[in-house]
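Structure record follows, encoded as structure tokens.
The values are calculated or read from the model by the stated rules, or taken from the named source; none is laboratory data. In this text the structure is predicted, and so the values were computed from the model without any measurement. No Cβ is skipped: glycine too gets one built from the backbone with ideal geometry, and neighbour counts run over all protein chains shown.
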Amino acid sequence: MSPILSIKNLNKTFAGGFQALKNVNLDIHKGEIFALLGPNGAGKTTLIGCVTGLVNLTSGHITVDGHDIYKDYRKTRKLIGLVPQELAVEMFEPVLGTVNFSRGLFGMAPHPAHVESVLKKLSLWEKRKNSMLTLSGGMKRRVMIAKALSHEPQVLFLDEPTAGVDVELRRDMWKQIRELKSLGVTIILTTHYIEEAEEMADRVGVINKGEIILTETKQDLMQKFGKKELLLDLENSLDSIPEKLSHWDLKLKSEGRRLSYIYDAAKEEYSIARLLSDIASSGLNYKDIHVYQSKLEDIFIELVKDK
Amino acid sequence: MNFYAIKAIYNFEMARTWRTLAESIATPVVSTSLYFVVFGSAIGSRITDIEGITYAAFIVPGLVMLSILNESVNNASFGVYMPKFTGTIYEVLTAPVSYIEILCGYVGAAATKSLVLSALILITASFFVPLEIQHPFLMVLFLILTAVSFSLFGFIIGVWADSWAKLQIIPMLVITPLIFLGGSFYSIHMLPDIWQKISLFNPVVYLISGFRWSFYEQSDVSLWVSLMMISAFLTICILLARWMIKTGYHLRS
């Protein structure tokens with residue numbers, strides 16, 4: 001299946017000489033949620049800007065649904081919705097007016113029923129006559145999403161969509177993003193909240209210093225880079241690892257009261273059973289067992305640190 | 001052609017005017033009335049007729065041009081600079097719109113406001129002097145050409161400016177002096193020879209002269225030269241605005 005968004009050999013160097021993107025190659029599949037992760041200044045927003053038309057490419061080629069973003073800009077831009085990171089709104093406009101403006105701008109005939117449905121889904125219908133000035137930050141963020149959805153895009157870019165919104169609203173937005181995915185919309189989101197990517201994404205891409213370090217499905221990423229840690233709370237504290245257990249890579253923690261073993265569950269399928277058996281035969285007694293799975297956040301930090 | 005986009009931008013820009021309708025109407029009416037009281041009645045009564053036209057009547061075309069030029073430049077430059085300043089320009093830049101559609105929306109709205117304003121000034125003027133317009137169609141043509149070309153010029157300033165100070169500097173330091181030295185309140189024939197020649201480098205002279213001809217069949221320069229000059233200015237502005245949008249000059253990074 002051909003990708004809905006294809007980026008080939010993309011480079012972007014700004015006027016001052018700073019190279020924000022270095023030979024970026026990326027394919028996004030139709031209907032997926034793709035999370036683009038990266039530290040501040042990694043090039044996430046520049047990459048989105050290149051696809052949406054806000055940033056001029058230095059070199060490279062981008063297609064959306066098979067159409068070149070320059071030659072067929074009318075077709076490609078109609079397919080794309082963008083919710084930028086900054087809260088950029090016309091302060092004196094009413095909510096309904098600004099959403100209708102967006103729909104018209106993208107060449108769509110007025111469709112009051114669609115706009116009403118979008119506003120209702122985002123809990124904005126009651127506020128439709130309010131000017132943007134009177135809305136809270138979270139509500140303004142919702143209006144930005146409503147504006148992007150007003151023209152029925154096939155590909156939706158969400159650049160840090162939940163930045164600065166409270167937990168309840170964030171979860172609300174996650175629900176709406178899942179609903180959009182169920183309607184076949186492809187979603188590309190950048191976020192600082194790794195929890196968000198972990199919760200939402202089908203695939204994850206990591207960008208650092210303008211380079212895409214990896215793209216993997218979330219499951220593959222967790223399997224490849226994810227680690228588990230087994231922790232045993234000992235009955236009696238130890239000064240050192242017993243000789244009988246020296247062939248295991250064990251560490252003492254909490255002043256000798258905890259035994260730690262980090263392992264790769266995918267590769268070491270039966271190791272835990274053997275370790276527990278060895279511990280029992282060494283005469284060590286433990287009160288409790290804990291297992292911690294590394295999160296996407298740990299993987300992300302490790303990947304970015306390595307580079 | 002993305003007509004929905006043109007309509008969206010045009011209506012959005014016009015909505016700003018409707019929100020401040022009272023100020024939009026009151027300002028030109030009051031300022032025009034003041035010009036007539038001061039220049040038409042107080043000082044004008046002591047000035048002899050100019051080429052058979054009373055001074056109060058003579059300044060009407062100049063006053064209309066003074067307002068239309070200022071308003072066209074100010075409205076269009078503000079119209080495009082404001083979304084740049086607030087960041088909302090991102091929507092226009094990511095939308096499936098060509099440079100023609102962007103210009104039709106922004107420049108069309110700014111020119112419309114200027115034309116409405118011209119009508120208001122002419123109505124106000126008619127209370128102070130008996131107005132006679134020898135060539136009404138030509139007058140309307142001049143008004144439209146001037147409103148569109150200077151709105152385009154304002155759009156270019158709005159794109160070029162990257163601060164509020166820069167947005168003001170061209171209208172204040174260039175447009176206003178050109179208007180005042182362009183024969184708004186006098187005929188350039190009243191100037192010494194050397195200044196007459198220098199005045200011919202001022203494009204506003206051709207606008208006011210042609211516009212005044214449509215009222216009284218009297219002008220400082222030939223009507224056709226006036227039409228050619230305004231058409232040339234219009235063409236240059238279109239080409240410059242087109243280049244700015246296509247290359248993303250001061251719009252895209």
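If you go through the range A:71-110 one residue at a time, how many are within 11 Å of chain B (Cβ to nearest Cβ) and not in a helix (DSSP H, G or I)?
The number of residues fulfilling the criteria is 21.
Going through the range A:63-87 one residue at a time, which ones are without any contact (Cβ under 8 Å) to a residue 40 or more places away in the chain and either touching a Leu at 6+ places or on another chain (Cβ under 6 Å) or not acidic (Asp, Glu) (or both)?
Here is the first cut: in the range A:63-87, the ones without any contact (Cβ under 8 Å) to a residue 40 or more places away in the chain are A:67-77, A:86.
The answer is A:His67, A:Ile69, A:Tyr70, A:Lys71, A:Tyr73, A:Arg74, A:Lys75, A:Thr76, A:Arg77.
In the range B:71-87, which residues are more than 14 Å from the chain's Cα centre (by Cα) and not aromatic (Phe, Trp, Tyr)?
B:Gly79, B:Val80, B:Met82, B:Pro83, B:Lys84, B:Thr86, B:Gly87
Is it the case that B:Ser184 is polar (S, T, N, Q) and free of Cβ contacts under 8 Å to residues at least 40 places away in the same chain?
no
When only residues in the range B:215-240 that are surrounded by 22 or more Cβ atoms within 10 Å (Cβ to Cβ) and under 17 Å from the mean Cα position of the chain (by Cα) count, which is nearest to B:Ile175 (Cα to Cα)?
By that ranking, first place goes to B:Ile230.
Can you go through B:Leu103, B:Leu93, B:Leu131 and tell me which one is hydrophobic (A, V, I, L, M, F, W, C), touching a helix residue (DSSP H, G or I) at 6+ places or on another chain (Cβ under 7 Å) and under 30 Å from A:Thr98 (Cα atoms)? Steps first, please.
Details: B:Leu93 fails: touching a helix residue (DSSP H, G or I) at 6+ places or on another chain (Cβ under 7 Å); B:Leu131 fails: under 30 Å from A:Thr98 (Cα atoms).
Checking each option against the conditions leaves just B:Leu103.
Taking the range B:57-100 as the search range and keeping residues that are hydroxyl-bearing (Ser, Thr, Tyr) and more than 10 Å from chain A (Cβ to nearest Cβ), which one is nearest to B:Phe155 (Cα to Cα)? So that I can check it myself, show each step before the final result.
First, pick out the residues of the range B:57-100 that are hydroxyl-bearing (Ser, Thr, Tyr): B:67, B:72, B:77, B:81, B:86, B:88, B:90, B:94, B:98-99.
Narrowing the set further to residues that are more than 10 Å from chain A (Cβ to nearest Cβ) leaves B:67, B:72, B:77, B:81, B:99.
Working: B:Ser67: 17, B:Ser72: 9, B:Ser77: 5, B:Tyr81: 8, B:Tyr99: 12 Å.
Checked the range B:57-100; the qualifying residue nearest to B:Phe155 (Cα to Cα) is B:Ser77.
Just one of (1) in contact (Cβ under 8 Å) with a residue 60 or more places away in the chain; (2) outside any helix (DSSP H, G or I) trips up B:Thr48, so point out which.
All conditions pass for B:Thr48, except number (1).
Report yes if A:Thr52 is farther than 17 Å from A:Gln154 by Cα, within 24 Å of the chain's Cα centre (by Cα) and not acidic (Asp, Glu), otherwise no.
On the way: farther than 17 Å from A:Gln154 by Cα: no; within 24 Å of the chain's Cα centre (by Cα): yes; not acidic (Asp, Glu): yes.
When the stated conditions are applied, A:Thr52 does not pass them.
Mind checking whether some residue in the range A:154-164 is farther than 22 Å from A:Asp65 by Cα, of a type in the set (Val, Ile, Thr) and not in a loop (DSSP other than H, G, I, E, B)?
So in the range A:154-164, the residues farther than 22 Å from A:Asp65 by Cα come out as A:160-164.
Subsequent filtering for residues that are of a type in the set (Val, Ile, Thr) retains A:162.
Right, trim to not in a loop (DSSP other than H, G, I, E, B) and you get none.
Within the range A:154-164, not a single residue is farther than 22 Å from A:Asp65 by Cα, of a type in the set (Val, Ile, Thr) and not in a loop (DSSP other than H, G, I, E, B).
Quick one: in the range B:1-14, of everything that is surrounded by fewer than 19 Cβ atoms within 10 Å (Cβ to Cβ) and out of contact with any Phe, Trp or Tyr (no Cβ under 9 Å at 6 or more places or on another chain), which residue is farthest from the other protein chains (Cβ to nearest Cβ)?
This residue is B:Met14.
Of the residues A:Met139, A:Met173, only one is crowded, with 20+ Cβ neighbours inside 10 Å, free of Cβ contacts under 8 Å to residues at least 40 places away in the same chain and either more than 12 Å from every other protein chain (Cβ to nearest Cβ) or basic (Lys, Arg) (or both); which?
Values: A:Met139 fails: crowded, with 20+ Cβ neighbours inside 10 Å.
Just a single option satisfies the conditions, and that option is A:Met173.
Out of curiosity, is B:Val221 away from chain A (no Cβ under 14 Å), more than 30 Å from B:Glu101 (Cβ to Cβ), of a type in the set (A, V, I, L, M) and part of a loop (DSSP other than H, G, I, E, B)?
On the way: away from chain A (no Cβ under 14 Å): yes; more than 30 Å from B:Glu101 (Cβ to Cβ): yes; of a type in the set (A, V, I, L, M): yes; part of a loop (DSSP other than H, G, I, E, B): yes.
Criteria met by B:Val221.
Within the range A:7-62, restricting attention to residues that are part of a loop (DSSP other than H, G, I, E, B) and touching a Leu at 6+ places or on another chain (Cβ under 7 Å), which residue is farthest from the other protein chains (Cβ to nearest Cβ)? Explain how you work it out, then say what you get.
From the range A:7-62, those part of a loop (DSSP other than H, G, I, E, B) are A:14-18, A:29-32, A:38-43, A:53-58; that's our starting set.
Subsequent filtering for residues that are touching a Leu at 6+ places or on another chain (Cβ under 7 Å) retains A:43, A:53-54, A:57.
Details: A:Gly43: 13, A:Gly53: 5, A:Leu54: 6, A:Leu57: 10 Å.
The extreme case among them is A:Gly43.
From the list B:Ala110, B:Ala125, B:Ala119, which one is under 25 Å from B:Lys7 (Cβ atoms), in a helix (DSSP H, G or I) and touching a residue at least 40 places away in the same chain (Cβ under 8 Å)?
Details: B:Ala125 fails: under 25 Å from B:Lys7 (Cβ atoms); B:Ala119 fails: touching a residue at least 40 places away in the same chain (Cβ under 8 Å).
Result: B:Ala110 is the single residue among B:Ala110, B:Ala125, B:Ala119 that is under 25 Å from B:Lys7 (Cβ atoms), in a helix (DSSP H, G or I) and touching a residue at least 40 places away in the same chain (Cβ under 8 Å).
Which of the residues spanning the range A:208-263 are among the polar types (S, T, N, Q), part of a strand (DSSP E or B) and closer than 30 Å to A:Ile48 by Cα? Explain how you work it out, then say what you get.
Initial filter on the range A:208-263 (among the polar types (S, T, N, Q)): A:208, A:215, A:217, A:219, A:223, A:236-237, A:240, A:246, A:254, A:260.
Still in the running and part of a strand (DSSP E or B): A:208, A:215, A:217, A:260.
If the condition is that a residue be among the polar types (S, T, N, Q), part of a strand (DSSP E or B) and closer than 30 Å to A:Ile48 by Cα, then A:Asn208, A:Thr215, A:Thr217 are the ones that fit.
Could you pull out the residue among B:Val107, B:Val80, B:Val97 that is at pLDDT 90 or above and in contact with a Gly (Cβ under 7 Å, 6 or more places away or on another chain)?
Working: B:Val107 fails: in contact with a Gly (Cβ under 7 Å, 6 or more places away or on another chain); B:Val97 fails: in contact with a Gly (Cβ under 7 Å, 6 or more places away or on another chain).
Going through B:Val107, B:Val80, B:Val97 in turn, just one is at pLDDT 90 or above and in contact with a Gly (Cβ under 7 Å, 6 or more places away or on another chain): B:Val80.
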